[in-house]
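Encoded as structure tokens, the structure appears first; notes follow it.
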Amino acid sequence: MNIVVCVKYVPDATGDRSFEADNTVDRVGVDGLLSELDEYAVEQALQLKEKRSDEEITVTALTIGPEKAVDAVRKALQMGADKAVHVQDEAIAGSDAIATSLVLAEAVKKANGGAVPEVVMCGLASTDASMSVVPAMLAERLGLPQVTQASVVETQGDQVRIKRDGDTATEVIGGTMPLVLSVTDQSGEARYPSFKGIMAAKKKPLETWSLADLGVEPAQVGLSVAWSQVEDTAPRPPRTAGEIVKDEDGSGAVALAGFLASKKFI
Amino acid sequence: MSEVLVLIDHVGGEVKKPTYELLTLAARLGTPSAVFIGDPGQAAGAAEKVKAYGAEKVYAIDDAQIKGYLVAPKAEALQQLAAQVAPAAVLLPSSAENKEVAGRLAIKLESGLITDAVDIADGGVTTQSVFAGGFTATAKVTKGTPIITVKPNSAAPVESAAAGSVEQFAVTISDAAKTAQIVAAQPRKASGRPELTEAAIVVSGGRGTGGDFTAVEGLADALGAAVGASRAAVDSGWIPHTFQVGQTGKTVSPQLYVANGISGAIQHRAGMQTSKTIVAVNKDEEAPMFELVDFGVVGDLHTVLPALTEEINKRKG
Ligand SMILES: Cc1cc2nc3c(=O)[nH]c(=O)nc-3n(C[C@H](O)[C@H](O)[C@H](O)COP(=O)(O)OP(=O)(O)OC[C@H]3O[C@@H](n4cnc5c(N)ncnc54)[C@H](O)[C@@H]3O)c2cc1C
Ligand SMILES: Cc1cc2nc3c(=O)[nH]c(=O)nc-3n(C[C@H](O)[C@H](O)[C@H](O)COP(=O)(O)OP(=O)(O)OC[C@H]3O[C@@H](n4cnc5c(N)ncnc54)[C@H](O)[C@@H]3O)c2cc1C
């Protein structure tokens, strides 16, 4: 069985994130890392492999991103993935979700010798754009079922069952491999790379592919052909400093009630 | 003027408020047409509701072939409707499932997609709040039929009487779309409080509650508010995940957000930073949450909240 885990390299959310003059995310001037939410995807892929130890299972970590994005798949290798692919091409910069899913779909197939793997594993959302749409788009492009936003994953043979906190109900979703699976941060803590894992990762296969390797035309991707264009980005004006009071013998509640009344909430 | 398709957000035929917000925004782009995917017997009732907010037509799609499966059949149904109507845009309420429907639809229609818009202006320019609410971006779909998902509380619904004439629309769902099956569904228990994402007021509790949400719930009820929580409270098992506000929980944008015993981590802010008025109660005056507030009380929530609740009830008298 083959599992391809899609992981994104994102600017550190605790640092200063910003945009370039062309309104694309500054992915060079800030520290980046493997999106924390994709660590859960790597974890679930590794757990699947461990639970089915009598089978031969290969976990491939896949990322699309600039030069530094290789760090994202390196981390996945350190956690325990078997091999990695980094798709890097100048032409990809500024791609929208449509183009990203196109490149991902082609890379997923190539990473599995041209066919769809049994499981394409994704995170819930990236921590930068956080659209939460790429897994569904991948399923659409690959013609696969989507069993997405899982808080619990169970498999038996080619059957997959997940628990999903749906919009109005908690659901159990079932599907048959091959499929696209995405997992949430409720699915279980991601492991830290061990020293042994870090050393072992250095010897694991890591390939870098360009668009040409995937047979994707540069004219199909990138900022200039994006099907949606960002017109402007601006930092949100800082909120005007509010009034802070210290509660002393019930004064806080009275002051707060006064504030809420002045704003007509009571 | 071209039609603008608006997917009705409903539970068992009961139309939810975000639908009216979307119809209001749709009128800026063309003539709103509502799309009801559900039990055919409930379409007329839904049409009665949406015609008050400008829906000239209501396309009724029987969900018999749709409701048992995740996402893909809905996208097929909307694709078939869009092929017939050639709408100026398709608007969906931003929810986890609708965003996935929109994603598949965008690929099918070879159209651009914008998610989580908080406003749509004439000409289809959207506003999004990005990077945990730290930035605002305006964008526009430049190819195909704009597909836009819109967050709840993005617009004040404007009443506008329209015909609301119901048209049945028959769809054919492929076997390929019926491959992710909903094996079981446990509808959420009604709390008697407003829906978290739609509420005008949200009162949240974090680790600082120490696991006792009584004071938070008491205040919520005095204000007619929904209850929310931080991930720390959810991870501690004090409250179900469906109440979580933040990056990996719900995004809320109420008139008033009251954060109690919540430090204000970036991932929590991501879910509440666009609230109109923010209030916090925290015993640590250095808590980052205080950077966001319009009014803050440094104090113990276990004494401040019950006193506040009493004060509110007294004023309501
Ligand atoms: C602030 C902002 C707003 C944006 N708005 C829009 C918009 O409205 N419409 C639009 O079409 N595009 C938009 N984009 C561009 C879009 O976000 C990127 O194309 C992105 O690669 C895909 O979306 P996402 O990061 O939200 O992924 P999500 O859908 O949130 O990602 C889900 C999962 O898909 C996988 N994945 C996603 N990206 C990669 C990758 N590069 N490599 C490997 N796996 C990946 C991961 O498993 C991830 O957990 C926006 C970008 C930014 C920064
Ligand atoms: C990938 C990722 C996703 C995440 N997603 C989310 C998310 O969706 N939502 C979310 O909330 N978090 C999320 N987090 C977690 C986030 O980083 C914080 O850990 C979390 O928000 C902390 O919750 P808290 O503020 O309740 O707890 P703490 O940070 O521990 O803060 C507790 C606060 O309560 C105050 N306090 C204690 N006792 C009292 C008292 N008696 N009266 C008044 N105040 C008191 C303390 O001063 C402190 O400020 C995510 C993290 C990661 C890595």
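Might you work out the accessible area of B:Val71 for me, using a 1.4 Å probe with all protein chains in place, and round it to the nearest 10 Å²?
The accessible area of B:Val71 comes to roughly 0 Å².
Peptides A:18-29, B:21-32, A:248-259, A:168-179: what's the order by average Cβ count within 10 Å, highest mean first? Intermediate values should be presented prior to the final figure.
On the way: A:18-29: 14.1, B:21-32: 23.0, A:248-259: 17.2, A:168-179: 19.1.
Ranked from most to least packed, the peptides come out as B:21-32, A:168-179, A:248-259, A:18-29.
Using the basic label-point model (7 angstrom from Cα toward the beta carbon), what is the B:Lys316 to A:Asp232 distance in nanometres?
Result for the modelled spin labels: 4.2 nm.
When only C-alpha pairs under 8 Å and at least 6 residues apart count, what is the relative contact order of chain A, in percent? Display every interim value, and only then the final one.
Values: 509 pairs, mean separation 59.7, N = 266.
Here the relative contact order equals 22 percent.
What list of ³J(HN,Hα) couplings, whole Hz, do you get for the range B:142-156 from phi and the Karplus terms 6.51, -1.76, 1.60, once you set θ to phi - 60° and write x for glycine and proline?
After applying 6.51 cos²θ - 1.76 cosθ + 1.60, I find 10, 9, x, 8, x, 10, 10, 9, 10, 6, x, 6, 8, 8, 7 Hz.
Within the range A:9-90, what percent of beta bridges assigned by DSSP are antiparallel, to the nearest 5? Mind dumping the intermediate values first?
On the way: 4 of 9 bridges.
Roughly 45 percent of the DSSP beta bridges within the range A:9-90 come out antiparallel.
Taking each residue in B:98-109, count the Cβ atoms of any other chain within 10 Å of its Cβ, then average. What number comes out? Before the final figure, lay out each step's value.
Details: counts 1, 5, 12, 2, 4, 14, 7, 3, 10, 12, 1, 0.
Partner Cβ neighbours, averaged per residue: 6.
Just reorder A:Phe265, A:Phe195 by solvent-accessible area, largest first, 1.4 Å probe, all chains present. Please report the intermediate quantities before stating the final value.
Values: A:Phe265 45, A:Phe195 160 Å².
Solvent-accessible surface, decreasing: A:Phe195, A:Phe265.
Rounded, prolate or oblate: which fits the protein assembly as shown, taking a ≥ b ≥ c as square roots of the Cα gyration tensor eigenvalues, rounded meaning a/c under 1.5, else prolate when a/b beats b/c? If you can, show how the numbers build up before the last one.
On the way: a/c = 1.62, a/b = 1.20, b/c = 1.35.
Oblate, since a/c reaches 1.5 and b/c is not below a/b.
Can you classify the range B:3-178 as rounded, prolate or oblate using the Cα gyration tensor, where a ≥ b ≥ c are the square roots of its eigenvalues, rounded means a/c under 1.5, and otherwise it's prolate if a/b beats b/c and oblate if not?
Values: a/c = 1.60, a/b = 1.19, b/c = 1.34.
Oblate, because a/c is 1.5 or more while a/b does not exceed b/c.
Would you list B:Lys283, A:Lys246, B:Lys99 from the most to the least accessible area, probe 1.4 Å? Walk me through the numbers before you get to the answer.
Values: B:Lys283 165, A:Lys246 110, B:Lys99 25 Å².
Solvent-accessible surface, decreasing: B:Lys283, A:Lys246, B:Lys99.
Go through A:Ile266, A:Ile92 and list them by solvent-accessible area, largest first, probe radius 1.4 Å.
Values: A:Ile266 60, A:Ile92 20 Å².
So the residues, ranked largest to smallest area, are A:Ile266, A:Ile92.
With only Lys, Arg, Asp and Glu charged, each at its Cβ (+1 for the first two, -1 for the last two), find how big the charge dipole of chain B is about the Cα centre; round to the nearest 20 debye. The partial results should precede the final answer.
Details: 27 positive and 33 negative charges, 48 e Å.
Charge dipole, chain B, about its Cα centre: 240 debye, nearest 20.
Report the relative contact order of the range B:3-178, percent, no decimals, based on alpha-carbon pairs under 8 angstrom and at least 6 residues apart. Spell out each step's value before the answer.
Details: 407 pairs, mean separation 53.7, N = 176.
Relative contact order, the range B:3-178: 31 percent.
Ignore the peptide's own chain and count Cβ atoms of other chains within 10 Å of each Cβ in B:188-199; give me the average, rounded. The partial results should precede the final answer.
Working: counts 6, 0, 0, 0, 0, 0, 0, 2, 0, 1, 0, 0.
Per residue, the number of nearby Cβ atoms from other chains is 1 on average.
Say R0 is 30 Å: what FRET efficiency, to the nearest 0.05, do A:Thr24 and A:Leu206 get from their beta-carbon distance? If you can, show how the numbers build up before the last one.
Details: r = 26 Å, r/R0 = 0.86.
Computed FRET efficiency for A:Thr24 and A:Leu206: 0.70.
Report the net charge of residues surrounding B:Ala233, where surrounding means a beta-carbon distance below 11 angstrom and charges are Lys +1, Arg +1, Asp -1, Glu -1. Intermediate results must be reported in sequence, preceding the final value.
Working: positive: B:Arg207, B:Arg231; negative: B:Asp212, B:Asp235.
In short, 0.
What is chain A by shape, rounded, prolate or oblate, if you read a ≥ b ≥ c off the alpha carbon gyration tensor as root eigenvalues and call it rounded for a/c under 1.5, prolate for a/b larger than b/c, and oblate otherwise? Provide the component values of the computation, followed by the final result.
Working: a/c = 1.92, a/b = 1.48, b/c = 1.30.
The shape class here is prolate.
Testing the spin-label approximation: label points 7 Å from Cα along Cα→Cβ at A:Lys196 and B:Ile182. State their distance in nm.
My value for the distance between the label points is 4.5 nm.
If I take every Cα pair under 8 Å that is 6 or more residues apart in the range B:194-279, average their sequence separation and divide by the length, what percent do I get for the relative contact order? Let's see the in-between values first.
Values: 186 pairs, mean separation 28.8, N = 86.
Answer for the range B:194-279 is 33 percent.
Using a 1.4 Å probe and ignoring any ligands, DNA or RNA, find the accessible area of A:Trp209 and quote it in Å² to the nearest 10.
Probe radius 1.4 Å; accessible area of A:Trp209 about 20 Å².
The values are calculated or read from the model by the stated rules, or taken from the named source; none is laboratory data. Note that the structure is predicted; figures quoted are calculated from it, not measured. Cβ atoms come from the backbone with ideal geometry, glycine included; neighbour counts cover every protein chain shown. We work out accessible area using only protein heavy atoms, side chains counted, and drop any ligands, DNA or RNA first. Shrake-Rupley method; radii C 1.70, N 1.55, O 1.52, S 1.80 Å.
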